[in-house]
Each structure stands twice: as structure tokens, then as C-alpha cells.
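Student: One structure, as C-alpha cells, below. Some questions next.
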Amino acid sequence: MSQTAVADSDTGIPLRELARRHGLSAAGKLPSLPEYSRQLWSYRHFIASYANAKVTSSLGKTRLGMIWQVLTPLINATVYYVIFGLVLSTARGVDNFVAYLCTGVFIFQFTQSVVQAGIQAISGNLGLIRALHFPRASLPLAITMVEVRNMIASLGVLMVIVLAFGEPITVEWLLVVPIFLLQSIFNAGLAMAAARLGSKVADFKQLVPFIMRIWLYGSAVLYPVSKFAEKLDGWQLAVVEANPLLVFIDLMRHALMEDVHLAASPLVLWLEAIGWTLVAGLGGYVYFWRGEKGYGRG
Amino acid sequence: MADQREPTVIVDDAHVVYRVHQAGSAGTGSPLASFKRIVTGAKPATLREVHAIKGVSFVAYKGEAIGLIGTNGSGKSTLLRAIAGLLPVEKGAIYAAGQPSLLGVNAALMNDLPGERNVVLGCLAMGMSPAQVKSQVKEIIDFSGINERGDFSSLPMRTYSSGMAARLRFSIAAAKKHDVLLIDEALATGDAKFRKRSEQRVRDLRAEAGTVFLVSHSEQSIRDTCERCIWLESGLIRGDGPTEEVLKEYEAYVKK
């Protein structure tokens, strides 16, 4: 029995020709971007129920269950309040520092948890990937959805905190919704990019905590934005102030608080936010799609 | 008559090479050694290549059930994963009608969730619509038989025995009509009663015009479900033909 025969023994035509004639497609071929998007859309129910399942299974073994979704941001805010509000009492020239700080922490945390979970979106689900065929972007998107749900609870807590520390409710609070939407899309892009990086280079996971910490210090979460303008100038300042998280945090502070010092005028910040959302959202999606057929190998 | 048969899977001189990143064998584990390797640009000693499939060609037709046999490490599971498009071929090509689905015993679902929710999740992941899923859930759970000893479907999957979990996974995958279904040892688990049911299901799937590949060490289940058999040894085909003939040769080889 010949092992290297490349022709079908029955008909004598080359196998490649046979495959073409019967319309068979090569395994592991990348679908086009519109086709991929269409597939992804038809898997929207899977994404939603997978996100649900993730929340249930991560909180399923705890006694308090879903209460943790509200409890986690509350405890988080309390820790920062105790350290910065009571122990250090560093207002550093910011009116209502607690509201200022909590807004920064919560908005930053949203992106941070998406990136951290996104890194593992592929590498942590190899079993599922190797068993079933679905557009792999479902996984980072589901993870983003989990964090979006958590963030909705966090935003509720944040608003209560801001109110409790004396900020009035104004019409500008409505801006929270578009900011949240933009940041969610921005995060989805980051999650997809992180998922592909994390699946290719396992070392990347070790670096993420440091990258996120640098990003934290560069986003004026723990101190006023004006500090940057005092210490930096020229292109350095431009780079720091173009930081997307700084933009999102500033916008959120602008929406929730009166008299807050911003890095730039609100209009500039809005344009920057929209720009970043498009770049990260589309870029992350295309980057992830390019690697679609490589996930699950190894 | 050969022209009447419709090929569903064509494997054309396929080679599969694994690249294995190994966590430190002797002398490669220290930070200094890693650093030296990066500086000198040497190929990492931790990277090894395993040539698992060395040029395999065959054509599978609509309605066939093909058994893959061979000793451990002969490349059976690798070949299945390559057909499923989960492993890249180094050389040659693999063509398939539609999207082949691989069903393995180690296909992980979510262990902290009840069986029932895993069924829903698995069906959605196979691309069913929520309405289809709803109508199928009960049937799938009944087929898997996990509720035979009480209401297990509402318990987390981590409480299942390995046989029960494997049965549920098989039932989920077999609920959908696949153009090409690849089964890796799945029938070996489960008791005699379930095996009988699953063999019947494999026959049904074939009747619905799909092609089934079955990797199993149980000669009996291959004999019962497949009429064609491919015998792989060290990444090469040693035999391809009617199950009885190939199995006879294989048995003679193994006994040697």
C-alpha cells in the first residue's frame, strides 16, 4: 500500500483537484473580516450566556454570591478612603479629594480588570477552544461583558459616594452613559489585543502587573492632573495627557463633579476619547481576527 | 461508481510538526542560561520539534464511518486535530466540507456550573439558536442518562464521575448534525448501556449524511461502528481498507 500517493486511487485525479471540484475548503483558512463579524454576531447569545456563566461560576462558591458585585467596589473605595482621606489626609489642593480619587480608581479598575482577564481569555480556555468551533473573539468579548456588568454595579456605588461627599446631581451626570459606552468599546479592543498577546507569548502575563501599575501612575488616579503640568512640558506633557485612561477619568470627573481641574478642555477630551475608542476597538478587533486560526494550537 | 461518492475530507500528503516549549531540562533552567541564550541568539534548548504526522493521504466520503487505529503515540489524535483545523499542517493540505467538529474526552466545559447550563452553553457554542437549544436540552440530558440516579443535571459538573461527564459531553456534541464528526476515544467511556446508545447515535449521524472518524483503542467499538479503518503507525499509514482486514493485520502486528 503506497503511503505517498497524492492521487485518489479510485479516480486517478490529484487530490487538490478533487477538493476543488467538490467545493471543499482547506482546514484552518481565515474567514474574511465581514464574514467573521457576521459569524460573531450569530454567536451573540453564546457570548451573553458565557459571560453569565462566568459570573455565576466565579461567585458560585461564595456565600454572598452576587452581593460581591456591589461589595467589591465598596470595599475598594473604603480602603482608598481610609488611606488617603483619613490616614494621609492628602487633599493636595483638590476640592473633594475623596470623590476625585474614587472616580479615578473606579474608572481605572474597569480597564485594569478587563486587561487582566483578557490576557487569559484564550490561554485559560484551551479546553473549550480545542473542543468546539466558534469565533474565538467571543471569549474576550464575553470577558469584557463580565466586567461591564461589574462596572455597572461599581458606577452605582461611585455615584452614591460622590453624592455623599457633597457633589450635587446635575444634568452633566447624563454624560456618564456615553463615557461608559466609549470606555467599554475601548476595553473590548484591549481585551482582544491582550488575549492574542497572552495566547502567543505566555511571558506577557508576567509583565501585565507592571504595565498596569505604570499606567496607573500615568493616569492621575492618586494625585491631581495639574501635577503633570507642573513637572513636565513640551512633548512629554503631550504624551502623558494623551493617555486614554487619563482622558476617560477626566471626562468622568467632569461629568460627576463641579469645579474640577481638567487636563484639557472638555471638547478636546471628548474628541480624544472617541479617537482612542476607534483606534483601540477596531485595532484590537482586527489584530485578534488576524490570529483567529492560531488559537488553541500547541 | 467512484464518481458518485462525494468526498467530505481530503487529506493530501499532510505533515504535522509539534513545537514543544519545554520547562527547563537540565542546564537550561537557570536565569543565567536563559540570558546567555537570548544574548547569543541560540535556538532555545527548550524548543523541540516532534514530527508527529509524516505525510498522510486519504479521501473520506459522505456516509462513511472511519476508524483510526494504531499503538499509543502513533499520531491518531494529532491527525484528528489537524482535520478539525486545530493544528496547522507543516506541509501538504487538508480539505474538508463544512467545519469538522472534534469531540474528545478531555473537552472541558465549565466545571462549576450545573450540567444543564453546560448543555445550554455547549449548544450555543456549536452555533444553535436559543430556540433550538431550548427544545434540545431535555433530549440531550435524557440521552446522556445522567439523571438516571437522581437529579444530577442541576448539580455542578465537578460533582460528576468521569464517566458521567464524558457521557454528557458526547451527548452535547452529538446533538447537532455535523458534516464531519471526529470522535476521540469518547465511546470508550461510559457503561455498556451508554456505549450501545452512543454507537446507535453515531450510526444515525452517518445516516444523516455526515462522515464520522472514530479514534478508539476498543477494537470492538471500531468493529461495531466503522466499516473502514485506517491504521497509523509512527505518523504513517500502514493500512487503509475494510475494518476486518485492517484489524487482522493490526492484531498480528501488535501480538508480535
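Student: Over all residues in B:85-93, what is the mean tally of Cβ atoms on other chains that come within 10 Å of each residue's Cβ? Mind showing how you got there, number by number?
Tutor: Details: counts 9, 11, 6, 5, 3, 0, 0, 3, 6.
Neighbouring Cβ atoms belonging to other protein chains average 5 per residue here.
Student: With a 1.4 Å probe, how much accessible area is buried between chains A and B, both sides summed, in Å² to the nearest hundred?
Tutor: Buried: approximately 3700 Å² between B and A.
Student: Relative contact order of chain A, please, whole-number percent, based on alpha carbon pairs below 8 angstrom and at least 6 residues apart.
Tutor: Numbers: 299 pairs, mean separation 76.3, N = 298.
Result for chain A is 26 percent.
Student: What is the helix-to-structure angle for A:204-217, meaning the angle in degrees between its Cα long axis and the longest Cα principal axis of chain A, kept from 0 to 90 and rounded to the nearest 10?
Tutor: Approximately 20 degrees, to the nearest ten.
Student: Taking a quarter of the surface of the Cα convex hull of the protein assembly as shown, what do you get in nm²? Intermediate values should be presented prior to the final figure.
Tutor: Values: hull surface 127.4 nm².
Its Cα hull, projected and averaged over all orientations, spans 31.9 nm².
Student: Which shape class applies to chain B: rounded if a/c is under 1.5, otherwise prolate when a/b exceeds b/c and oblate if not, where a ≥ b ≥ c are the square roots of the Cα gyration tensor eigenvalues?
Tutor: Details: a/c = 1.82, a/b = 1.22, b/c = 1.49.
Oblate, since a/c reaches 1.5 and b/c is not below a/b.
Student: What does the C-alpha gyration tensor say about the overall shape of the range A:157-236? Classify as rounded when a/c is under 1.5, otherwise prolate if a/b is larger than b/c, or oblate.
Tutor: Working: a/c = 2.33, a/b = 1.42, b/c = 1.64.
Oblate is the answer for the range A:157-236, as a/c is 1.5 or above yet b/c matches or exceeds a/b.
Student: List, in the order given, every pair from B:Lys134/B:Lys193; A:Lys293/B:Lys91; A:Lys293/B:Lys138 whose Cα-Cα distance in the structure shown is over 28 Å. Let's see the in-between values first.
Tutor: Details: B:Lys134/B:Lys193 26 Å; A:Lys293/B:Lys91 16 Å; A:Lys293/B:Lys138 33 Å.
The pairs that break the limit, which is 28 Å between Cα atoms, are A:Lys293/B:Lys138.
Student: Would you kindly derive the ³J(HN,Hα) couplings of the range B:135-142 from the backbone phi angles with the Karplus curve 6.51 cos²θ - 1.76 cosθ + 1.60 (θ = phi - 60°), listing them in order in whole Hz, with x for Gly and Pro?
Tutor: Values, residue by residue: 6, 9, 3, 5, 4, 5, 5, 4 Hz.
Student: Let me ask something else about it. Does the range A:43-290 come out rounded, prolate or oblate by the C-alpha gyration tensor, with a ≥ b ≥ c the root eigenvalues, rounded set by a/c under 1.5 and, if not, prolate when a/b is larger than b/c and oblate if not? Numbers along the way, then the final one.
Tutor: Values: a/c = 1.88, a/b = 1.43, b/c = 1.31.
It is prolate, given that a/c is not under 1.5 and a/b is the larger ratio.
Student: Oh, and also: Order these peptides, A:286-296, B:87-97, by their mean beta-carbon neighbour count within 10 angstrom, highest first.
Tutor: Details: A:286-296: 18.5, B:87-97: 20.2.
Packing order, densest peptide first, comes out as B:87-97, A:286-296.
Student: Given a 1.4 Å probe and every protein chain left where it sits, what share in percent of the accessible area of chain A is carbon and sulfur? The partial results should precede the final answer.
Tutor: Details: 9300 of 14260 Å².
Carbon-and-sulfur percentage of accessible area, whole number: 65.
Student: For a quick check of your reading of the filter: which trypsin sites (Lys or Arg not before Pro) in the range A:123-152 sit in a DSSP loop and have no more than 13 other Cβ atoms within 10 Å? Write out the running numbers ahead of the final one.
Tutor: Numbers: sites: A:Arg130, A:Arg136, A:Arg149; in loops: A:Arg136.
Nothing satisfies the criteria.
Student: I'd like the mean, over residues of A:13-24, of how many other protein chain beta carbons sit within 10 Å of each residue's own Cβ. Walk me through the numbers before you get to the answer.
Tutor: Values: counts 1, 1, 11, 6, 0, 5, 11, 2, 1, 9, 3, 10.
Mean partner shielding for this stretch: 5.
Student: Report the percentage of all Cα-Cα pairs in the range B:112-173 whose separation exceeds 14 Å, rounded to a whole percent.
Tutor: Numbers: 916 of 1891 pairs.
Roughly 48 percent, once rounded to a whole number.
Student: For helix A:266-290, what angle does its Cα long axis make with the longest principal axis of chain A, in degrees from 0 to 90 and rounded to 10?
Tutor: So the helix axis and the longest Cα principal axis differ by about 20 degrees.
Student: Which order do you get for A:Trp68, A:Trp41, A:Trp270 if you rank them by accessible area with a 1.4 Å probe, largest at the top?
Tutor: Numbers: A:Trp68 80, A:Trp41 165, A:Trp270 55 Å².
Sorted by accessible area, descending: A:Trp41, A:Trp68, A:Trp270.
Student: Next question. Hey, what angle do you get for helix A:138-164 against the long axis of chain A, alpha-carbon based, 0 to 90 degrees rounded to 10?
Tutor: 10
The values are calculated or read from the model by the stated rules, or taken from the named source; none is laboratory data. Quick caveat, the model's predicted, so the values are computed rather than measured. Glycine gets a Cβ as well: all are built from the backbone with ideal geometry, and neighbour counts include every protein chain shown. To get the accessible areas, we keep the full protein, side chains included, count just its heavy atoms, and leave off ligands, DNA and RNA. Shrake-Rupley method; radii C 1.70, N 1.55, O 1.52, S 1.80 Å.
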